[in-house]
Every structure is written in structure tokens, then in C-alpha cells.
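Got a structure here, written out as C-alpha cells. Questions coming.
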Amino acid sequence: MLSYRDVVSADLGSLTSTADDWDDMADGFRRLEEAYSGTVLGVATGGEWVGISAAAAAVKFSATKAEFAAGQTEARAIADILRDAHGQFTLLVGAVRDVVEQAKKDGMEVDSNGTVHFDFTELNKYRNDPDSKDLAAEKRAAVGVWNEKVKQAVKAVDDADKGVKLALHDAAGVKSFFERMFDSVLGRDGFNANAVGDIELVEARRAKAYADQILAGGEPSDLAEWERLMRDNSQDRVFSQTLLNSLGPEDTLKLSNRLNDLAYLDDAKDKRSYLHINTGLANSLATATRVPEFLGPRGADGKRQPLKYGSEEYQERFGEWRASSDGRFYREWIDEFDRLGDDEFDSEVVGEKISLGHGHGQEVRGYQSLVTLMQQGEGYSPSFVSEVTDNMIAMEKKDPDIWDLRGDFSGDKDGWFANDPVDGALGVMSRDPEGAAVYLDPATDEGKKRFEYLLGQGDGARDWDVVDTREYRKVETSGPDVEDADTRAGLGAALTAAATGVDPSGGEPRPTSHSEANDRVFKHSLEFLSKQGDEMHSALRDDMAKILINHGREVHEEMSDTSNLVSKVDEDHLREMAKQISRSRDSYDILNAGINYAIVESFHDDGEEPSNTLSAAGRTIGFLEEARYNAMQGDLRDLSWEKAWSYHTSGAVLNFIPVVGDIAQRGADMVTSYWVQSETERLEGEAVQENQRTYDRRQAQLKSLADQWYTANPEWAAEEAQYSTPKGRYYRIEEAANAGNSAFDGSSGEKES
């Protein structure tokens, strides 16, 4: 493997100069071929020399001429490979240098071996700071992160280097001893007339050879190289389309199924490698079917901006591209997957799920195999995911039980398999929030129909029962189908992405504003699901909590508006949704903790009257407390909500909080900490009676909010007698919280405490 030193000290310029030399060699072979044809070959073919010797000479002379032509092909292929290598290495070595520079900007040092260090003596100046230990821990973690980034950047260069070596050997006809012996017997030991100057094309052919070994029931002759090929090239369009075209859609699904069998059932020792190869296959599918970026007209600045996905202009351009020769691969694979969607495929690992060792398992549908594959990749065009999902929905409307299988496929052990391919595809869709918003946008007829079909109940709504409960081998018995344990996981993720503009899988910057489509999906989901009341599916509670806190400013305004003057969010819909969310402890935690950010941010809004922001904070907390109480009463005093509590939702909260200032964020974190502390202490104390109606739990949260309010408005509070002392501020926010309790129930006056 290449070292860091090898990478940063490489002379890339020699690649292009060497490529020029190989082109010169090809020109030399061309001149020799021309001279040979006009002199030597002409002697045997000019008509003056006849007979057996002339015929024999003609054959040999023609063979020599062919060698001159083959020499040109081989030389030019090598020149092309070297230039391709120069382009790849320039980008990849540059990426290594960029990582090093970024690490240095983060205060790190990078030695000549590429190892990242941090001088911890720099922290001595913070030794009296109570947070110094946390700062040291952060730097130690950062060192590890930067070392891994440098390692991966160097590894990318090494992967490319191996690809170049493979292509050069292929172009030069470098073969094993036995292959050379075989070629010598057949007279094929000259120049390579079939040399290819495209690195990715050569690598695709090698990857296909390994795939064929798997499809034939064997094992790859070089698993490590196959893994490298897929890792290094799955983002390249030439490689991806070449590989997939050589496989075809059906063998692609069979290959993916077999890789899963090897990973989860047959070959545990190489599980990671087989999963990585399947991920590469999934990424190749995404690359090969990717829709190009369509640019609009030039603006006033002379630049052309990409057309917005789902817009009328985009749809028109997409339709033209889809019907063109450029869109043929996309179109043909969509159609072929739909043809194979209800076909049954063997899968040992899925069959083993219910075979109990008798060897009589169950087969999986083509779409189940496809979505299982897609879940492992990334970067799919939203139109591709949408078309696949729509095609599956059309198929299941004809046969609602088409995906039913025996056995539950969820959790860390079995959740990788998309037994419900529609839900799985929606999960893939959620990784592209813009695509999810277009798919579920109620402003379009298609979006509204999808929304109602997927989220509705009763006639016309989707059948989510995909687990066949029939007793094994007693196929004549009947039993009700039931939901999978992870039912609606993909739907909830897609709905969240569509309403917030945030990828629920995390890792991306959080938006500070929403598109019009985001707002439409938000309000429609709030209205549509709140009308279901207690029938709203529990699997969607966490997702709706995330959606509400992502729209936290509007939600806080409505919850705190006792005069009903704010109309951005419907009060009745919000009241019912808050109650439904509160039926699950974790969902309530997400909502309560998340709304703290909107509340604390409002304290720092110079455009608001400070007294109003403090009162609004209290009313919102009272509103939430009353929602929790009503939810517990409605659940027939089920105390499992209380007894099972443990706060672990901070990650789920932070991904959906719109960007706020550092001061406001630290303040919200502190408020949440006090709330968690009070909840823990209360539950560890005397038992909570099922009919006890107390608001003591909110006291620490209210006081912390009042303290944060004062931090943001000290000068204003100092001049107002009612707010200048802690006692006065605590009284005001508590009074407002009582009003919030009353507002939730639509009544006036304070609640009993």
C-alpha cells in the first residue's frame, strides 16, 4: 500500500511526459506499418511473385503488418491510461493535501508520515477553566478524526493506483505463466490488439468476472481486489453502466441476494467485505441511473442555475431526457425492474428465517431484493426512487398481500432486509429531503393521493400488515397478517424529511428556513393526522415531534397564544397532535426538549417585548404539561409512561433544531438539563399516583427558563419591579404556565396544583 510519503512526494508530471512518449511510439509503429505495406508486403501481393512460397510469405507478412497495427493500439491505450491516471492522481493527491491543511487550521500538526498530533500544552492557559477537561477530550477526539481522514484520503490514492496498475497490465497483455504458454501455442504472443485505454472500463470487466464466479455458485478468486474495485469505482458512470449492462437487471438482483446470503449466512468471516461489495453495487446502480443536472436560463449575473426538482421546467426537461438515447439506461432499467418486481427469487438467508432447518424456505419478490440493495447505497436521483416507489404501489394495489412473508424482519439482526419494499423505498427517499417533499406535496394531485394512501386509514388506505402469521407448513390454515416491528419507519422518515427539509439520518447542516413545499407538508400532516385522534399510529409520534420542533417558532407562537391571534398553525390540530405525541414518553421528550430552543431563541429577539417572551415561555410549558396529562388520562391511567422513563433523545432533537445562536443554544441545553434532573429526582422519589394532577415537575424547567430570559434582558428587567428579582420572574412565568394549562383545555382560570 502507498504511504503518505509516497503520495505527497509523487512526481505526477512524469505521467504526462511518459504518455507523450507512448504516443510517439504509436506514431513510430504507424510509420513502420506504412513503410512495410509499401515495400515488403507489396512483394508478396503485387502479382509478380506467385506460387506456394508467395502464399506462405503473404500470410507471414500480413501477420507482421497486423503486429504493427496492434502495437499502435497498445501504445495509444497505455498513453490514454497514463493521462487518465494523471487526472485522477492530481485530484486525489490534492485531496490529501487539503485534508492536511484543514487539520492544521484546526490547530493540529501533521508529521512527515501523515500522523496527526496536537500540542496539549496549548491548553495550559485554560487549566483554571472548569471546562478544560472537556476541551482536552474534544481535542483528543479531533486527533482521531483527522488521522482517519488522512488515512482514508491516502487509501483513495492507493485504490486508484491499483486500478491504474490493473489497466496497464491489461493493455500490455501481462498474463500469468500458463496464460502465456496457451497464447504462445495459438500464436497470440505479440502486441495486444484489443488493448483498452479506459481504466474504469477495464476495472468493470474485472468486477464482472468476480460477479460471474459468485453467480455460478462459487467464491471470488480475489475478494480483496473485488472489494477495492467496487469501492474505488462505484461513483464512476462508465464503470457502473458497463458493469450493470454486462450483468443485466435480473442478474444484478440475483448477485445482491447471493452477496447477502454470503454475508449473513454462509461466510461470516468475510461478512464486512461482502457487505462492502453490495454497497458498491448499490452505489453503482445510483450512479448509472443518475439524472443529469438541468440548467435554467442565464440570470442577470450571467450564470445558469440548476432547475428546481419537481418544477414544471424540470419535469419538461426530464421527460425529454428520459425519452432520449442518453436516458435509455435509466428508462430500460426502470421498466425491467418493474417486470421483475413480482418475480420470486431465491434467498437462503430469508428462506432460513422460517425453514427451521427443513430446507423449505420462502422466496422473495424482485422489488424486495431491489429495495434491499438500494438501502445499502446513496445518491439516487429522486425521480428514480419516486418511479420505483410508485410502480410498487401500483403493484400492491392489485395484490395487497404481495409482500407478505412469514417472520419478522426488523432490528439489528434482520432489519437489513426490505420485506416491506414500499416502506424501505420511502426510507431511501428520506435521504433527499427535496425529493421527499415533492413526492408528498399535497399541492399536487399525485402528492395528495400518495399522502392519503400511505398515511390514511380504512378503505383506500395502504395495507401495512406484511407479516404472514400462518403456522409453518400448514398453508391451509389462515391467520391475520400483522405489522412488522419496524412498520412505517421509512414512511416516518420520508414525512419528516418532506416537512422539515432535513435528512433524518443526520450529518447535514440544519436549515434555517423551509421551502413552500416543506410548509405545505407540515401543515397537511398536522391536519391529516390530528384528525385521526387516538387512531394515529404510534410509530409516527416521534416523527411528528421532530417535525413540530423543526417548526418550533410557529409552534411556540401558537402554544403560547391564549388570545388565539396567531394563525400560522391551527390551534385545534396542534392541541390534538401534542396530545398524541405525549402518549409516548420518548416522543414527549423530543417535543419538550426541542421546544426549549425556540423559547430561548425568542428571549434574544430584539423585536419582541421582553415581558411577552417570558409569559409566552410559561404558557408553552403549561400547554405541553396539559397535553401530557390529557394523554395519560386518555390511555386509561397507564403508568408505564412514567415508570419506563429515561432521557436519551438529545441526538434526535439536535438534528431538527433550526440553526440558532451559540448563546441561545447553550441556554436551551441548560434548561433541558434542569428539566431532566427534576424528572429524574421526582421519579426516584415517592410513587406517582395515577390520578395525581401535579405540575411540580415543571418547576425547575420554568425557573431555568426565567434565568435564561434574565440573562438575555438584564437591563430591561432591572427597570421593571415585577421582573427585577428572581422571585418576581418565577411568579410571572408560573402564572403564565397556569394560563397555558387552561388554554390547552380551552378554558380560563388556573388549574389546581
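Looking for something surrounded by 13 or more Cβ atoms within 10 Å (Cβ to Cβ) and modelled with pLDDT of 90 or more - is there at least one such residue anywhere in the range 685-702?
Yes, the conditions are met somewhere in the range 685-702.
Suppose we keep only residues that are open to solvent by 40 Å² or more (accessible area, probe 1.4 Å) and of a type outside the set (K, R) within the range 219-240. Which one would you say is nearest to A26 (Cα to Cα)? Walk me through how you get there before you give the answer.
Within the range 219-240, the subset open to solvent by 40 Å² or more (accessible area, probe 1.4 Å) is 219, 221-222, 224, 231-232, 235-238.
Keeping just the survivors that are of a type outside the set (K, R) gives 219, 221-222, 224, 232, 235-236, 238.
On the way: E219: 40, S221: 35, D222: 34, A224: 35, D232: 30, Q235: 32, D236: 28, V238: 25 Å.
The extreme case among them is V238.
Another question, if that's okay. Count, please, the residues in the range 695-725 that happen to be within 19 Å of T672 (Cα to Cα) and part of a helix (DSSP H, G or I).
Here the count works out to 17.
Let me ask another. Does R682 satisfy the condition of being closer than 25 Å to I590 by Cβ, surrounded by fewer than 22 Cβ atoms within 10 Å (Cβ to Cβ), within 45 Å of the chain's Cα centre (by Cα) and at pLDDT below 60?
Numbers: closer than 25 Å to I590 by Cβ: yes; surrounded by fewer than 22 Cβ atoms within 10 Å (Cβ to Cβ): yes; within 45 Å of the chain's Cα centre (by Cα): yes; at pLDDT below 60: yes.
Yes, satisfied.
Being on the phi > 0 side of the Ramachandran plot and surrounded by 12 or more Cβ atoms within 10 Å (Cβ to Cβ): is that true of G114 here?
yes
Going by the structure shown, is K531 modelled with pLDDT of 95 or more, surrounded by fewer than 17 Cβ atoms within 10 Å (Cβ to Cβ) and of a type outside the set (S, T, N, Q)?
Taking the combined requirement at face value, the residue satisfies it.
Still on this structure, I have one more. Determine whether D106 is farther than 14 Å from Y4 by Cβ, open to solvent by less than 90 Å² (accessible area, probe 1.4 Å), without any contact (Cβ under 8 Å) to a residue 24 or more places away in the chain and among the charged types (D, E, K, R).
no
While we're looking at this one, here's another question. In the range 359-410, which residues are assigned to a loop (DSSP other than H, G, I, E, B) and among the hydroxyl-bearing types (S, T, Y)?
Scanning the range 359-410 gives Y380, S381, S410.
Could you list, in sequence order, the residues of the range 598-612 that are over 19 Å from S742 (Cβ atoms) and either open to solvent by 10 Å² or more (accessible area, probe 1.4 Å) or out of contact with any Ser or Thr (no Cβ under 7 Å at 6 or more places or on another chain) (or both)?
The answer is A598, V600, E601, S602, H604, D605, D606, G607, E608, E609, P610, S611.
Next up: Would you pick out the residues in the range 434-460 that are under 15 Å from S525 (Cβ atoms) and in a loop (DSSP other than H, G, I, E, B)?
Within the range 434-460, D441, P442, A443, G456, Q457 qualify.
Just for the range 628-666: of the residues that are polar (S, T, N, Q) and open to solvent by 40 Å² or more (accessible area, probe 1.4 Å), which one is modelled with the lowest pLDDT? Before you say what the answer is, go through the steps one by one.
First, the residues of the range 628-666 that are polar (S, T, N, Q): 630, 633, 640, 646, 649-650, 655, 665.
Next, only the ones that are open to solvent by 40 Å² or more (accessible area, probe 1.4 Å) stay: 630, 633, 640, 646, 650, 655, 665.
Working: N630: 85, Q633: 74, S640: 50, S646: 57, S650: 62, N655: 78, Q665: 76.
Among those that are polar (S, T, N, Q) and open to solvent by 40 Å² or more (accessible area, probe 1.4 Å), it is S640.
Then there is this: Under 7 Å by Cβ, and 6 or more places apart or on different chains, what pairs join a residue from the range 294-311 that is farther than 21 Å from S515 by Cβ and touching a residue at least 60 places away in the same chain (Cβ under 8 Å) with one that is open to solvent by less than 40 Å² (accessible area, probe 1.4 Å) and assigned to a loop (DSSP other than H, G, I, E, B)?
The qualifying pairs do not exist here.
Please go through (1) modelled with pLDDT of 95 or more; (2) touching a Phe, Trp or Tyr at 6+ places or on another chain (Cβ under 6 Å) for F409 and return the number of the only condition it doesn't satisfy.
Status for F409: all satisfied but (1).
Return yes or no: is D129 among the charged types (D, E, K, R) and at pLDDT 95 or above?
So D129 fails the test.
Also: For the range 287-303, name all the residues that are crowded, with 21+ Cβ neighbours inside 10 Å and either among the acidic types (D, E) or part of a helix (DSSP H, G or I) (or both).
Within the range 287-303, the subset crowded, with 21+ Cβ neighbours inside 10 Å is 287-289.
Across the range 287-303, the qualifying residues are T287, A288.
When you scan the range 186-208, do you find a residue that is at pLDDT 80 or above and among the small types (G, A, S), even just one?
Within the range 186-208 (the criterion being at pLDDT 80 or above and among the small types (G, A, S)), the answer is yes, since at least one residue qualifies.
When you scan the range 196-218, how many residues do you find that are farther than 21 Å from F89 by Cβ and open to solvent by less than 50 Å² (accessible area, probe 1.4 Å)?
Count: 7.
Out of A142, A153, A95, I need the residue that is out of contact with any helix residue (DSSP H, G or I) (no Cβ under 8 Å at 6 or more places or on another chain), assigned to a helix (DSSP H, G or I) and of a type in the set (A, V, I, L, M, F, W, C). Which one?
Unique residue meeting the criteria: A142.
Let me ask something else about it. Which numbered condition in (1) surrounded by 12 or more Cβ atoms within 10 Å (Cβ to Cβ); (2) part of a helix (DSSP H, G or I) is the only one that E101 fails?
All conditions pass for E101, except number (1).
If a residue has to be within 18 Å of R462 (Cβ to Cβ) and either of a type in the set (D, E) or outside any helix (DSSP H, G or I) (or both) to count, how many in the range 411-421 make the cut?
Counting residues in the range 411-421 that are within 18 Å of R462 (Cβ to Cβ) and either of a type in the set (D, E) or outside any helix (DSSP H, G or I) (or both) gives 3.
Hey, does the range 78-92 have a residue that's closer than 20 Å to V7 by Cβ, touching a residue at least 60 places away in the same chain (Cβ under 8 Å) and of a type in the set (S, T, Y)?
Yes, some residue in the range 78-92 is closer than 20 Å to V7 by Cβ, touching a residue at least 60 places away in the same chain (Cβ under 8 Å) and of a type in the set (S, T, Y).
Is there a residue being under 24 Å from A712 (Cα atoms), open to solvent by 10 Å² or more (accessible area, probe 1.4 Å) and in contact (Cβ under 8 Å) with a residue 40 or more places away in the chain anywhere in the range 586-597?
yes
D669 - would you say it is outside any loop (DSSP other than H, G, I, E, B), modelled with pLDDT of 85 or more, closer than 17 Å to Y597 by Cβ and open to solvent by 20 Å² or more (accessible area, probe 1.4 Å)? If you could, list the steps in order and put the result at the bottom.
Working: outside any loop (DSSP other than H, G, I, E, B): yes; modelled with pLDDT of 85 or more: no; closer than 17 Å to Y597 by Cβ: yes; open to solvent by 20 Å² or more (accessible area, probe 1.4 Å): yes.
Considered against the rule, which asks whether it is outside any loop (DSSP other than H, G, I, E, B), modelled with pLDDT of 85 or more, closer than 17 Å to Y597 by Cβ and open to solvent by 20 Å² or more (accessible area, probe 1.4 Å), D669 comes out as no.
Does L495 meet the test of being buried (at least 24 other Cβ atoms within 10 Å of the Cβ), modelled with pLDDT of 95 or more and among the hydrophobic types (A, V, I, L, M, F, W, C)?
yes
The values are calculated or read from the model by the stated rules, or taken from the named source; none is laboratory data. From a predicted model like this one, the values you see are computed outputs, not experimental measurements. Cβ: placed from backbone, ideal geometry, glycine included. Neighbour counts: every protein chain shown. Surface areas here come from the heavy atoms of the whole protein model, side chains and all, with no ligands, DNA or RNA. Shrake-Rupley method; radii C 1.70, N 1.55, O 1.52, S 1.80 Å.
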